[in-house]
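Following: one structure in structure tokens, then a few remarks.
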Amino acid sequence: SPVPEDAPVGTVVALLKVQDRDSGENGQVSCELSGEAPLSIVASSGGSYKVVTASALDREQAPEHRVTVLARDRGRPSLWSSRELVLEVSDVND
């Protein structure tokens, strides 16, 4: 669903659940965002993450934002997986 451009900073735009079936350090997973977007990722409990707005959205400047979420385990060698997220911004004046 599109997020309105007047959404306050800290608005949750995606919930993610990551897991690795390995045990110990090999099973520990971290997530990060790459790409230019006013978004950040915040660790939650039990392998959950929230993608939240980090600054104001402006539909006239960018009607959508694309970021890549990278999940990486702590094994040697490190295994990883990535997915692209697309955030559509809706205009509050329409």
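Rule-based calculations on the coordinates, nothing more; no lab input. Just so you know, these numbers come straight off a predicted model, no measurement behind them. Don't worry about glycine lacking a Cβ; one is built from the backbone with ideal geometry, like all the others, and counts go over all protein chains shown.
Structure values in brief
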| read-out | value |
| --- | --- |
| Where GluC sites (Glu not before Pro) fall in DSSP loop in the stretch 1-59, at most 15 other Cβ within 10 Å | 36 |
| Inter-site label distance for residue 76 and residue 36 at 7 Å from Cα along Cβ, in nm | 3.9 nm |
| Per-pair calculated FRET efficiency, R0 = 35 Å: residue 66 and residue 23 via Cβ, rounded to 0.05 | 0.50 |
| Dipole of the chain, positive end: most advanced residue of 54, 15, 90 [Cβ charges, Cα centre] | 15 |
| Kirkwood hydrodynamic radius of the chain, from inverse mean 1/r over distinct Cα pairs, in Å | 14.3 Å |
| Sites excluded, trypsin sites (Lys or Arg not before Pro) in DSSP loops with at most 16 other C-beta within 10 Å, longest stretch of the chain | 22-73 |
| Debye, to nearest 20: dipole size of the chain, +1 on Lys, Arg Cβ, -1 on Asp, Glu Cβ | 660 debye |
| Extension reserve of the residue 56-residue 14 stretch, reckoned as 0.36 nm per residue once the Cα distance is removed | 13.5 nm |
